[in-house]
1. Tilt of helix 11-35 relative to the longest C-alpha principal axis of the chain, in degrees (0 to 90, nearest 10)?
2. Please find the FRET efficiency linking Asn38 to Arg61, where r is the Cβ-Cβ separation and R0 is fixed at 35 Å, and quote it to the nearest 0.05.
3. Got a number for carbon plus sulfur as a percent of the chain's accessible area, 1.4 Å probe?
4. Before I look further, what does the chain give for accessible area per residue, probe 1.4 Å, in whole square angstrom?
5. State the label only: which of (i) -0.49, -1.02, -1.34, -1.46; (ii) -0.54, -0.82, -0.97, -1.05; (iii) -0.46, -0.99, -1.26, -1.33 corresponds to log10 I(q)/I(0) by the Debye sum over Cα atoms at q = 0.15, 0.22, 0.26, 0.28 Å⁻¹ computed from the shown model?
6. Residue separation times 0.36 nm, minus the C-alpha to C-alpha distance between Ala12 and Ala24: what's the value?
7. Normalised by the number of residues in the chain, what is the relative contact order in percent for Cα pairs under 8 Å and 6+ residues apart?
8. So what's the angle, to the nearest 10 degrees on a 0 to 90 scale, between helix 39-62 and the longest Cα principal axis of the chain?
Amino acid sequence: MEQPERQSFEPAGAGALLLATTGAAAGAGALFGWLFGNAAVGTLTGVIVGIPAGVFAVYRRYRGYFS
């Protein structure tokens, strides 16, 4: 029986995914904040939501490495 190939962990790729997800959430938050009259609060809210979302995205991408 063949063993499935283990996924390689790329720290730079994980960091890029984390930054991209957090940045996308911050951008979306800034857009919503701008629409409702306060882009700074929207950006802050986007970052607060984006950090856990980025961690989850990295976990989903590299979950095979940790098992």
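The values are calculated or read from the model by the stated rules, or taken from the named source; none is laboratory data. Please read all numbers here as calculations on a predicted model, not as lab measurements. Here Cβ is always computed from backbone atoms with ideal geometry, including for glycine, and neighbour counts include all displayed protein chains. Remember, those area values only see protein heavy atoms, side chains included, never the ligands or the DNA or RNA. Shrake-Rupley method; radii C 1.70, N 1.55, O 1.52, S 1.80 Å.
1. 20
2. Numbers: r = 33 Å, r/R0 = 0.94.
FRET efficiency, Asn38 to Arg61: 0.60.
3. Numbers: 3510 of 5080 Å².
Looking at the chain in its full context, I get 69 percent from C and S.
4. Values: 5080 Å² over 67 residues.
Counting only protein heavy atoms, the per-residue value for the chain is 76 Å².
5. Correct label, based on the coordinates given: (ii).
6. Numbers: separation 12, 0.36 × 12 = 4.32 nm, distance 1.80 nm.
Length gained between Ala12 and Ala24: 2.5 nm.
7. Values: 74 pairs, mean separation 25.4, N = 67.
Reported as a whole number, the value is 38 percent.
8. 10
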